[in-house]
1. Looking at region 123-132, can you tell me whether even one residue there is at negative phi and either more than 15 Å from the chain's Cα centre (by Cα) or in a helix (DSSP H, G or I) (or both)?
2. Within region 137-149, track down each residue that is part of a loop (DSSP other than H, G, I, E, B) and surrounded by fewer than 18 Cβ atoms within 10 Å (Cβ to Cβ).
3. Please verify whether region 159-175 includes one or more residues that are in contact with a strand residue (DSSP E or B) (Cβ under 6 Å, 6 or more places away or on another chain) and at pLDDT 95 or above.
4. Answer yes if at least one residue in region 227-242 is buried (at least 17 other Cβ atoms within 10 Å of the Cβ), under 18 Å from residue 43 (Cβ atoms) and in contact with a helix residue (DSSP H, G or I) (Cβ under 7 Å, 6 or more places away or on another chain), and no otherwise.
5. Being within 16 Å of the ligand (Cβ to nearest atom) and either touching a residue at least 60 places away in the same chain (Cβ under 8 Å) or within 19 Å of residue 59 (Cα to Cα) (or both) is the filter here; which residues of region 82-112 pass it?
6. State yes or no: is residue 199 surrounded by 18 or more Cβ atoms within 10 Å (Cβ to Cβ), touching a strand residue (DSSP E or B) at 6+ places or on another chain (Cβ under 7 Å) and either at pLDDT below 95 or within 26 Å of residue 95 (Cα to Cα) (or both)?
7. Identify all residues within region 39-54 that are more than 9 Å from the ligand (Cβ to nearest atom) and surrounded by 13 or more Cβ atoms within 10 Å (Cβ to Cβ); write none if there are none.
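The values are calculated or read from the model by the stated rules, or taken from the named source; none is laboratory data. On a predicted model such as this, the values are computed, not experimentally measured, just so you know. Cβ atoms come from the backbone with ideal geometry, glycine included; neighbour counts cover every protein chain shown.
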Ligand code: SF4
């Protein structure tokens, strides 16, 4: 008989803070962000600090930019109590928890144990690179939104695994999901077309978001090029939107 897994009681985080979602279909919604360490990819443009650290930063009060430093790992009970206080002190202020990284699905055991408790306060939004379908399948019952990337080789410098992304999206589509692609001025038409075909093969209604790469705090792709990309693939997938990283303009975390 298999031995039952020991429930997770603590977590190593990079940071936890309250801010405004700057990407994708929930842009503008205030969320409690939990950033978990580690990633299974190594994208060329990555500017996210995801290396595991001996301590983590916790913004308290929420939205203040005042950071407390806590030793990792932190007891889940401690973190949940803090988030419950945030929730009770400002009812309705937060839309959801945003679980982000790095790649949060690397922590599926932790999330399977912790998310049901967090979800009693707020719904759960998962930000993921869309390459780990098996952990996603385990976590689906605890998720409300999945924000999934399709990683284009021309941007990441890594081969795009189209079939892995398709398997992932088929699972993510059991939630309220969307697909985001970081694009640059030179993103080839073939990549855009393959991505549009992939998304529409799963569902014609899933939003596909072209997110122009950010360069030195500015949108790094011309408007005319973005409109050209949207036109190019809109015959294949009609729900294509153009949304830059808006939190950078707001100057928030
Ligand atoms: S998947 Fe995201 S966190 Fe991981 S290397 Fe790529 S950009 Fe960075």
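1. No.
2. Residues of region 137-149 that are part of a loop (DSSP other than H, G, I, E, B), as a first pass: 143-144.
Answer for region 137-149, where residues must be part of a loop (DSSP other than H, G, I, E, B) and surrounded by fewer than 18 Cβ atoms within 10 Å (Cβ to Cβ): just 144.
3. Checked against the condition, which is being in contact with a strand residue (DSSP E or B) (Cβ under 6 Å, 6 or more places away or on another chain) and at pLDDT 95 or above, region 159-175 yields at least one hit.
4. Within region 227-242, not a single residue is buried (at least 17 other Cβ atoms within 10 Å of the Cβ), under 18 Å from residue 43 (Cβ atoms) and in contact with a helix residue (DSSP H, G or I) (Cβ under 7 Å, 6 or more places away or on another chain).
5. Correct list: 98, 99, 100, 101, 102, 103, 104, 106, 107.
6. no
7. Those that are more than 9 Å from the ligand (Cβ to nearest atom) and surrounded by 13 or more Cβ atoms within 10 Å (Cβ to Cβ): 52, 53.
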